[in-house]
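Here the structure is laid out as structure tokens; the discussion comes afterwards.
Here, each number is a calculation from the coordinates, and none is a lab measurement. All of these numbers come straight from a predicted model, not from anything done at the bench. Positions of Cβ are generated from backbone atoms using ideal geometry, with glycine treated the same way; all protein chains shown enter the neighbour counts.
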Amino acid sequence: MPDPRFSVLSPDFATDPYRYFGRLRDRSPVHYEPALDSYFLSRHRDVRRVLTDHDAFTTRTLQVRAEPVMRGPVLAQMTGAEHTAKRKIVVRGFTGRALQEQVRAIRSIAAELVAPFLPVGRMDLVEDFGKPFAVQVTLEVLGLDRRDWQRVAAWLGGVGEFITSMVLTPERRRHCLDCAEQLEAYLAPVIEQRRRRPGEDLISMLCTAEFDGIAMSDRDITALVINVLIAAVEPADKTLALLLKHLIDHPEQLAQVRRDPALLPAAIAETLRLTPPVQLIPRQAEAEAVFAGTVVPAGATVFCMIGAANRDPGAFTDPDTFDLHRADLGTARSFTAAAQHLSFGAGLHQCVGAAFARAEIETVAELLLPLLDRVRFGPGFRYRESGLYTRGPVSLALDFTPVREAAVGGPAGG
Ligand code: 2IO
């Protein structure tokens with residue numbers, strides 16, 4: 001029998017949701033949350049079904065959860081020919097030659113941001129590095145001014161809060177909408193300028209692109225740029241910090257990766273499986289549906305619990321263990337539509353930035369790992385995660401052997 005007192009809104013669940021996933025999958029795989037009038041699915045096969053049966057489970061939930069702060073419809077809301085065409089435009093912006101350029105920017109921004117901490121031998125991987133890194137890389141890719149990163153980060157905080165909150169007071173809601181409006185106003189003159197004089201950046205590409213005669217409106221571009229900003233920023237510092245946390249907790253695997261950086265993609269894929277930075281994906285059931293004998297009514301909001309699905313023993317052996325060598329990981333597939341983990345979602349709306357995400361984390365980890373000689377947690381550091389929708393380390397205080405600044409492989413050296 002499911003525990004009637006269990007709630008995904010309880011403080012205990014927020015502290016460590018992973019403790020509850022096994023019980024949810026076994027005893028309450030279709031957990032109803034009255035305060036949210038929503039169903040939470042935790043089994044791998046149920047989550048995969050919801051994400052891939054596009055007629056039965058739609059992304060209509062995003063009209064209320066995302067559209068108000070995205071200032072227009074995001075890619076995941078679109079369907080049919082419009083979705084296919086616009087998704088192809090975005091794919092083009094994140095693969096091939098464009099991606100090669102982006103990797104160069106990632107490397108030089110990472111080298112610049114880490115430099116001041118190397119002679120000290122101490123940094124907070126989240127606050128000192130991950131957050132500025134994630135925002136600055138995304139601004140650079142979009143052809144926006146990196147020097148604006150703190151302003152943009154503050155606005156994105158409000159946008160992210162709106163999308164990922166389970167409950168929002170009217171005051172916080174107003175704050176989030178204010179942030180979104182300011183971000184929109186910041187972008188408007190840029191979009192206008194790129195329409196007149198396009199460059200090589202992603203915004204210019206969106207302004208000029210056409211697929212099967214379908215082009216982007218200003219509203220489309222605004223929404224897509226905010227979509228790219230939040231989707232590239234919010235999970236990035238979390239993934240990087242989680243990767244380092246798992247490797248520090250498993251010194252033998254850290255040593256292997258330091259010796260052979262070709263193991264990095266496997267370590268990243270395993271990090272995403274075990275601790276997905278995006279824990280929830282919402283859908284709307286268009287018709288009544290039955291999961292494991294439980295009825296979900298037509299029109300209901302369904303949350304896919306990615307962290308629980310990724311640890312389903314029916315999908316992965318010894319699912320709670322971090323093992324970059326696991327036979328069922330399928331590293332090469334882990335960043336594609338054939339992925340067995342569900343951290344990039346699945347189906348038509350699967351993450352369009354998965355290849356970029358892999359390249360970003362791989363590039364920065366390749367640069368950091370050799371510098372983090374004898375890396376360990378700082379004195380008195382207590383590991384803590386936060387977030388129900390997106391989740392990651394609050395901070396990650398690292399100590400390592402100080403490095404002379406001259407020894408850093410920057411943009412020229414790398
Ligand atoms: C931005 C939740 C950070 C996406 C979302 C409204 C659409 C979509 C996601 C991810 C991550 C964000 N959903 N990215 O889950 O673009």
Residue by residue through region 130-137, the couplings from Karplus 6.51 cos²θ - 1.76 cosθ + 1.60 with θ = phi - 60°, in Hz, x for Gly and Pro, are x, 5, x, 4, 4, 6, 5, 4
Using label points projected 7 Å from each Cα along Cα→Cβ, tell me how many nm separate Leu9 and Glu210, to one decimal. 5.1 nm
Taking θ as phi - 60°, what are the ³J(HN,Hα) couplings along region 257-262 by the Karplus curve (6.51, -1.76, 1.60), each to the nearest whole Hz, with x for Gly and Pro? 5, 5, 6, 9, x, 5
Quickly estimate the mean residue ellipticity at 222 nm for the chain, helices only: each DSSP H run with n ≥ 4 gives -39500 (n - 2.57), and the total goes over all residues, rounded to 500. -14500 deg cm²/dmol
DSSP bridge orientation in the chain - percent antiparallel, rounded to nearest 5: 85 percent
Pull up all non-local amide H partners of Gly392: gap of 5 or more, or a different chain, and H-to-H distance under 5 Å with H placed in the peptide plane. Ser386
Show the residues, 5+ positions off or on another chain, whose built amide H is closer than 5 Å to the amide H of Ser38. Glu33
Springs between alpha-carbon atoms under 10 Å, Gaussian network over the chain: tell me which of Gly213, Gly158, Gly314 tops the mean-square fluctuations. Gly213
For region 8-21, in residue order, the Karplus 3J(HN,Hα) values (coefficients 6.51, -1.76, 1.60; θ = phi - 60°; whole Hz; Gly and Pro = x) are 5, 8, 6, x, 5, 5, 5, 5, 8, x, 4, 4, 9, 4
Spin-label model distance (nm) - Ala332 vs Arg97, 7 Å beyond Cα toward Cβ: 2.8 nm
So Met166 and Glu112, fully extended at 0.36 nm per residue minus their Cα-Cα distance, gain in nm 15.8 nm
The local net charge around His44, scoring Lys/Arg +1 and Asp/Glu -1 for residues other than His44 whose Cβ lies under 9 Å from its Cβ, equals +3
Restricting to Cα pairs below 8 Å that are 6+ residues apart, what does the relative contact order work out to for region 314-374? Please round to a whole percent. 20 percent
Val403's amide H: which non-local residues (gap 5+, or another chain) put their own amide H closer than 5 Å, with H modeled 1.01 Å from N in plane and none for Pro or chain starts? Val120, Gly121
Quick one: Cα centre-to-centre distance for region 83-135 and region 17-64, in angstrom? 32 Å
Expressed as a whole number of Å, what is the distance separating the alpha-carbon centroids of region 275-348 and region 181-226? 33 Å
Of the residues Trp149, Phe94, Ser204, the Cα lying farthest along the dipole of the chain towards its positive end, which is defined by charges on the beta carbon of Lys, Arg, Asp and Glu, belongs to Phe94
In Å³ per residue, the alpha-carbon convex hull of region 11-413 encloses 142 Å³
Once you keep just the Cα pairs under 8 angstrom separated by 6 or more residues, what percentage relative contact order results for the chain? 26 percent
Going toward the positive end of the dipole of region 163-247, with +1 on Lys and Arg Cβ and -1 on Asp and Glu Cβ, which of Leu224, Leu242, Ala180 do you reach last? Leu242
State, to one decimal in nm, how far the label point of Gln182 lies from the label point of Asp26, with both points 7 Å from Cα in the Cβ direction. 4.9 nm
